[in-house]
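Just below is one structure, and these are the notes that go with it.
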Amino acid sequence: MNHLAASELILNKDGSIYHLNLLPEQIADTVILVGDQDRVGKITQYFDTIEHVVQKREFHTQTGTYKGKRISVLSTGIGTDNIDIVLNELDALVNIDFETRQIKEKKTSLTIVRVGTSGSIQADIPVDSIVVSKLGVGFDTVLHFYQSEQVQLQDFNQALEEHLDIYARNSKPYVVPSDEALAEKFMSPGVYEGFTGSNVGFYAPQGRVLRLPLKDGNLRDKIATFEFKGKRITNLEMETSAIFGLSKLLGHKALSLNAIIANRATGEFTKDGVKAVDETIRYCLEKLTEA
Ligand SMILES: O=P(O)(O)O[C@H]1O[C@H](CO)[C@@H](O)[C@H]1O
Ligand SMILES: O=c1cc[nH]c(=O)[nH]1
């Protein structure tokens, strides 16, 4: 078997993986991903124990136990480009032998749950609610660089392409499901089922205008009015699509939860974002440890 060259699988002097700075033993099989590095401690404040705290750049990781379950919490920073780094390096930590630089025969499947913030694009999904994403749609390009057609929902892709009539020089949106069993476990009467759109920016890519005019002033409306097989796109953020896509390709189980802090249809913003995020965190921890 080929071994991975030093330029491809990059390890630091202490043997840790390049960006995340983690050693294989420092990561749990259940991983919570957050965008904001300061959200890591807001999750592990509820832990019984903390074994490891590691930070490099925006990638801050803490591993410990909650109700006896070993969990790692890791910040990705903003954007699907960072998700490319995080998912590949997380996978390398469990599925590549750092001594021999070879892919392990027996693979480990991680459980990966994003706890993020997001803007609803539907008037009836209010601020301060929790959206559990069963589907993700990427307006980014990350998945298009991988052989990934098999994990994309091609019928959704096609219907969406026709509906959006997107500018030809933009990338084509791709639709990927979350892990079905994980999504079922996390659904409950108090939360909203989501079809989450991830885009490459916060402003024009999500249809926000401050000073610069939009190439397509109707994009957000077109996204909000898309309906296919009884599903509509519920909210916009910047990571879920690539988390779902890369997890499916690598054999990991992924889900995304978002605290809705803005409602783009009504123009509202949450009055207490700290509380909205904390409720999402506590919901996630309870669901992860539920029998
Ligand atoms: O709160 P996080 O997890 O960072 O998520 C959302 O917030 C950031 C933008 O403000 C983007 O990362 C978006 O996806
Ligand atoms: O509207 C929003 C709110 C949070 N994060 C986003 O990416 N968009």
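Tell me which residues, restricted to the stretch 224-248, are surrounded by fewer than 24 Cβ atoms within 10 Å (Cβ to Cβ), in a helix (DSSP H, G or I) and either within 15 Å of ligand 1 (Cβ to nearest atom) or of a type outside the set (Ser, Thr, Tyr) (or both).
224, 248 - these are the residues of the stretch 224-248 that are surrounded by fewer than 24 Cβ atoms within 10 Å (Cβ to Cβ), in a helix (DSSP H, G or I) and either within 15 Å of ligand 1 (Cβ to nearest atom) or of a type outside the set (Ser, Thr, Tyr) (or both).
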For residue 190, which of the numbered conditions (1) more than 17 Å from the chain's Cα centre (by Cα); (2) at pLDDT 95 or above; (3) more than 11 Å from ligand 2 (Cβ to nearest atom) fails to hold?
(2)
Return the only residue of 40, 53, 34 being over 25 Å from residue 244 (Cβ atoms), in contact with a strand residue (DSSP E or B) (Cβ under 6 Å, 6 or more places away or on another chain) and not basic (Lys, Arg).
53
Unmet requirement for residue 124, which otherwise passes all of (1) touching a residue at least 12 places away in the same chain (Cβ under 8 Å); (2) under 25 Å from residue 257 (Cβ atoms); (3) charged (D, E, K, R)
(1)
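Among the residues of the stretch 64-83, write down those that are surrounded by 18 or more Cβ atoms within 10 Å (Cβ to Cβ) and under 17 Å from residue 256 (Cα atoms).
Those that are surrounded by 18 or more Cβ atoms within 10 Å (Cβ to Cβ) and under 17 Å from residue 256 (Cα atoms): 71, 72, 73, 74, 75, 76, 77, 79, 80, 82, 83.
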Filtered residues of the stretch 161-190 (kept if assigned to a loop (DSSP other than H, G, I, E, B) and of a type in the set (Lys, Arg)):
169, 172
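Inside the stretch 249-259, can you point out the residues that are more than 15 Å from ligand 1 (Cβ to nearest atom) and closer than 21 Å to residue 286 by Cβ?
Going through the stretch 249-259, the residues more than 15 Å from ligand 1 (Cβ to nearest atom) turn out to be 249-253.
Scanning the stretch 249-259 gives a single hit, 253.
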Hits in the stretch 191-213 (condition: assigned to a loop (DSSP other than H, G, I, E, B), small (Gly, Ala, Ser) and within 11 Å of ligand 1 (Cβ to nearest atom)):
201
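The values are calculated or read from the model by the stated rules, or taken from the named source; none is laboratory data. Just so you know, these numbers come straight off a predicted model, no measurement behind them. Using ideal geometry, Cβ is built from the backbone for each residue, glycine included, and neighbour counts are taken over all protein chains shown.
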